[in-house]
Amino acid sequence: MDGMLSQDEINALLNGTDEPAGESASIIDGPDADDSLLTDFEKDAVGEVANISMGASATTLFSIVNRKVNITTPVVKMATWKNVLEDYEKPCVFILIKYTQGLDGSNILILKEHDVKIITDLMMGGDGSNTDGELGELHLSAISEAMNQMMGSSATSLSTMLGKMIDISPPEASLVDLTAFKSGGDIAEFLEGTFLKISFRMQIDELVDSTIMQLYPIEFAKEIYDTFINSQGGGSAPEPATPASAPTPQPAPAAVPQMDMSQMGTPQMDMSQMGMPQMGMPQMGMPQMDMSQMGMQQMGMPQMMMPQMMQPNMNVQPVQFQSFAGAFNPMQPQENIDLIKDVPLEVTVELGRTSKSISEILDFAPGTIIELDKIAGEPIDVLVNGKFVAKGEVVVIEESFGIRVTEIIK
């Protein structure tokens, strides 16, 4: 029918491009991942390294946002750019992490745009609900600082596990519209073909329940595997001991045959011969008992088997537990301002406000005077990142205006 769009044209519109249908289809229906590039052992080793790395990062993220953070065990798969497009349709944040010491390579961490807005709002002291508006330089700078702290603690954990110093450069964050790229090679060279994709499920209280991904080049994944195996002593399991080389087992004390004193030519003796009357115990018709009936082994009876009357006095004291005063309280905010000191904030000085109708605004012309709601001489407002924090007065510094803070709003 005339005026109707074909399926190919619909697909081209959905992909956000004016390219012909054949080219757009090649983006979605790209080549499949080559699973033979990495063995199962290599995938498991890299997944274990990523799991330990992300566990340390989750602990650091908790200290930054003061919220419960849970990152599940990873899912390791070989992938192509087509798989990334299937998982992330909307613009997302690519964070490039480069290793500068201990490992030679880089990987890419992908976060969803909405998740970044929540994390940065929590970093700024919000409740995670301020997610309106576009993702700007402020968000990218804040998430870069958070990733710097998280990946720094991750590198420390890797240093301990791999047995050598691991260090990274400051992560670089950028907002990427995946549909604007025909190929992943336009973002990073290794995204052109098959690479290793490690997926995690990230939860932050009730605010975030999402999936984050790490993308590793094949060569870098192999290097991590080799380093991991070398740190484990070559990765070979110890050889089981054979009976010929096994040490001769020593006889257990319980296996030593018992022998009574009569077998050694020692006459039987009753309890009275052991000085019991001198211990203040009256004879109450106790039957005679030889030493063989007491089960003494080689004249070396353990103290725990002796009668309580023959044990020395023991000093018994009540246990003292450490007070819980001052213990960690997850609901109490922690001092973590040092983690975000380098994050830039926008400072605005507001002289006053007023409301005008559309017709009044259309009448604006050079020379129009607009009356504000502030009285002459009244302190002006100082806003940081849109929040009212202080009051002050206008001053002139050489040829520029400035403000002298007169009151801090608590």
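What the table shows:
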item: So Val84, is it over 16 Å from Met150 (Cβ atoms), in contact with a Phe, Trp or Tyr (Cβ under 7 Å, 6 or more places away or on another chain) and either of a type in the set (Val, Ile, Thr) or open to solvent by 40 Å² or more (accessible area, probe 1.4 Å) (or both); result: no
item: Residue, nearest to Val116 (Cα to Cα), within the range 130-151, restricted to residues that are open to solvent by 30 Å² or more (accessible area, probe 1.4 Å) and touching a Ser or Thr at 6+ places or on another chain (Cβ under 8 Å); result: His139
item: Every residue from the range 347-368 that is among the acidic types (Asp, Glu) and assigned to a helix (DSSP H, G or I); result: Glu360
item: Some residue of the range 157-174 being among the hydrophobic types (A, V, I, L, M, F, W, C) and part of a strand (DSSP E or B); result: yes
item: Subset of the range 155-199 [within 20 Å of Val116 (Cβ to Cβ), in contact with a strand residue (DSSP E or B) (Cβ under 6 Å, 6 or more places away or on another chain) and small (Gly, Ala, Ser)]; result: Ala173, Ser174, Ser199
item: Among residues of the range 200-222, those that are open to solvent by less than 20 Å² (accessible area, probe 1.4 Å) and either within 19 Å of Asp115 (Cβ to Cβ) or modelled with pLDDT under 90 (or both), counted; result: 9
item: Set Ile95, Ile108, Ile118, Ile64: member being modelled with pLDDT of 90 or more, among the hydrophobic types (A, V, I, L, M, F, W, C) and farther than 23 Å from Glu48 by Cβ; result: Ile118
item: Options Met314, Met301, Met309; residue that is over 30 Å from Met147 (Cβ atoms), modelled with pLDDT under 75 and surrounded by 10 or more Cβ atoms within 10 Å (Cβ to Cβ); result: Met301
item: Restricting the range 68-81 to residues that are β-branched (Val, Ile, Thr) and surrounded by 14 or more Cβ atoms within 10 Å (Cβ to Cβ), the residue that is farthest from the chain's Cα centre (by Cα); result: Thr80
item: Test for Gly163: is it more than 17 Å from the chain's Cα centre (by Cα), under 15 Å from Pro344 (Cα atoms) and among the small types (Gly, Ala, Ser); result: no
item: Looking only at the range 345-372, and only at residues there that are of a type in the set (S, T, N, Q) and farther than 22 Å from Val389 by Cβ, the one that is farthest from the chain's Cα centre (by Cα); result: Thr368
item: Those residues of the range 369-410 which are part of a loop (DSSP other than H, G, I, E, B) and open to solvent by 70 Å² or more (accessible area, probe 1.4 Å), in sequence order; result: Ile369, Ile370, Glu371, Asp373, Ile375, Ala376, Gly377, Glu378, Glu398, Glu399, Lys410
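The values are calculated or read from the model by the stated rules, or taken from the named source; none is laboratory data. This one's a predicted model, so the numbers in the text were calculated from it and none came from an experiment. Reconstructed Cβ throughout: ideal geometry from the backbone, glycine too, with neighbour counts over all protein chains shown. Quick note on the areas: whole protein, heavy atoms, side chains included, nothing else; ligands and nucleic acids left out. Shrake-Rupley method; radii C 1.70, N 1.55, O 1.52, S 1.80 Å.
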